[in-house]
Amino acid sequence: MKFKIHTDGFEGFVERSIERARKMDRGERMKPSFGITFESPLQMFEVLTAQRLRVVEVARTKPYSVMGLAKKLKRDPKSVRRDVKKLEQYGVVRTREAINPGHGRVKIVEPVADRFELRASFYRQSSY
């Protein structure tokens with residue numbers, strides 16, 4: 001499944017929703033997809049920082065614990081945990097608990113989709 005990330009705000013979301021509704025009215029088959037819409041590219045880059053995108057990139061290779069991600073990325077586990085929390089909040093990754101024999105439970109990080117598509121649009125604002 002594809003996960004789309006847009007930066008065209010509410011107006012873009014409405015346009016895409018109307019287009020999907022028209023396709024459904026025509027009886028067209030649509031591939032399942034989901035995503036999030038940011039108000040601007042700046043907002044997207046505030047959430048999807050380079051470090052957070054690296055977390056997603058590594059988590060796509062196989063499920064990792066937060067500690068495993070931290071080791072793989074050579075980062076502080078607290079920072080990785082904070083990034084995972086933010087990515088989960090925005091629906092980019094999901095976590096699940098697993099039993100870690102002899103050590104209790106561990107949080108496993110997985111991406112929500114097989115493919116991610118980021119689209120950042122910059123528009124020239126008209127002056128009035």
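Since every read-out is calculated from the coordinates, none of them should be taken as a lab result. Just so it is clear, the model here is predicted, and its values are computed rather than measured. A quick note on method: Cβ atoms are made from the backbone with ideal geometry, for glycine too, and the neighbour counts reach across all protein chains shown.
Within the stretch 99-115, the residues that satisfy the criterion of being outside any loop (DSSP other than H, G, I, E, B) and touching a residue at least 12 places away in the same chain (Cβ under 8 Å) are 100, 106, 107, 108, 109, 110, 111, 115.
On the stretch given as the stretch 5-38, residues that are surrounded by 13 or more Cβ atoms within 10 Å (Cβ to Cβ) and not aromatic (Phe, Trp, Tyr) total 12.
The C-beta contact set for the stretch 78-97 (first residue in contact (Cβ under 8 Å) with a residue 40 or more places away in the chain, second residue surrounded by fewer than 14 Cβ atoms within 10 Å (Cβ to Cβ) and of a type outside the set (Gly, Ala, Ser), distance under 9 angstrom, 6+ apart or interchain) comprises 91/34.
When the stretch 88-102 is limited to residues that are under 20 Å from the mean Cα position of the chain (by Cα) and over 14 Å from residue 38 (Cα atoms), the one that is surrounded by the most Cβ atoms within 10 Å (Cβ to Cβ) turns out to be 93.
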